1. How much solvent-accessible surface does L181 expose, in Å² to the nearest 10, with a 1.4 Å probe and all protein chains in place?
2. Over segment 1-117, with every protein chain in place, what whole percent of the accessible area is carbon and sulfur at 1.4 Å, could you tell me?
3. Residues with amide H under 5 Å of R33's amide H, sequence separation 5 or more or different chain, H placed in the peptide plane at 1.01 Å from N; which?
4. Which one, (i) 186; (ii) 118; (iii) 137, gives volume of the Cα convex hull per residue in Å³ as derived from the coordinates shown?
5. Report relative contact order for the chain in percent, whole number only (criteria: Cα-Cα under 8 Å, sequence separation at least 6).
6. For segment 116-144 and segment 52-113, what is the separation of their C-alpha centers, rounded to whole Å?
7. Once the Cα atoms of helix 185-204 and of the chain are each reduced to a long axis, what angle between those two axes, in degrees from 0 to 90 to the nearest 10, is obtained?
8. Do the sum for the chain: with -39,500 (n - 2.57) for every DSSP H run of n ≥ 4, divided by all residues, what is the mean residue ellipticity at 222 nm, to the nearest 500 deg cm²/dmol?
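The values are calculated or read from the model by the stated rules, or taken from the named source; none is laboratory data. Owing to the predicted nature of the structure, the values given are computational and were not obtained by experimental measurement. When we count neighbours, we look across all protein chains shown, and the Cβ atoms used for this are built from the backbone with ideal geometry, even at glycine. The area values use the complete protein model at the heavy-atom level, side chains included, leaving out ligands, DNA and RNA. Shrake-Rupley method; radii C 1.70, N 1.55, O 1.52, S 1.80 Å.
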Amino acid sequence: MLKEWRHRRAVQRVKPGDGRPLKRFRWWQMLTRALFRLRLVNQDGRHTVYAIDVRHQNQSKGHVRAHLYLDGRHHAESKVPAVFPVRGGTVEVRTSTFGLKRCHYVTTEGTEHQLVPDPASAEGRRAHLDRAHPALSRWIGVLSSIVLVTGLVLLILQLAEQVTRAPEGVAQYVGTFTSPLDLSAWGNVVVGLATVAASTERALRLRYNWLLDGGAG
């Protein structure tokens with residue numbers, strides 16, 4: 001029920017586009033822009049191409065907008081999370097602190113297909129690495145997960161130590177806890193940067209876990 005209400009609300013946020021042409025993806029936009037495409041075949045054999053363009057720099061304003069292009073022309077736009085009605089279903093777009101966590105075509109039958117990233121984008125380059133070097137790609141994915149799990153464990157240990165350090169409160173019931181790992185200020189900085197890098201790598205593959213990636217953000 002709640003999911004359906006959110007879906008309807010997202011559809012209602014969609015505004016019509018102004019028809020401007022889709023700008024080419026430039027290499028310097030890899031950290032600030034995501035561009036995905038969906039190619040559908042009409043009954044008469046003609047192709048319809050949808051494109052989702054997201055500019056992450058708008059996040060500093062408190063929101064991110066997703067833009068839908070139809071055959072190269074601006075067709076609609078919406079704040080994220082966005083749900084764009086398209087032929088045969090909808091395109092759902094959601095973002096996280098580190099990039100996109102969802103950009104999928106959902107048919108009326110409920111089948112989901114992830115859109116294809118532009119080859120020049122960071123997501124497109126990561127997808128190319130996965131196709132060209134699948135073994136290396138898997139190891140990078142595993143390493144990202146290990147980094148995030150490690151960062152989460154360290155965070156829990158430090159929080160437990162801080163909570164039980166107070167003379168009144170939890171400590172009087174469970175005693176004090178001392179973390180077996182005592183990181184320096186620089187150590188915490190390094191762990192923080194590593195978790196950000198790991199979550200960013202996962203975002204390039206549209207992977208997201210509320211506990212791992214949400215905790216890193």
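1. Looks like 90 Å² after rounding.
2. Reported share for carbon and sulfur atoms: 51 percent.
3. Excluding prolines and chain starts, which carry no amide H, the hits are H56.
4. Here the calculated entry is (i).
5. Working: 331 pairs, mean separation 36.7, N = 217.
Relative contact order for the chain comes out at 17 percent.
6. 21
7. Orientation of helix 185-204: about 20 degrees from the principal axis.
8. Values: 6 runs with 83 residues, N = 217.
Roughly -12500 deg cm²/dmol at 222 nm, from the helical runs in the chain.
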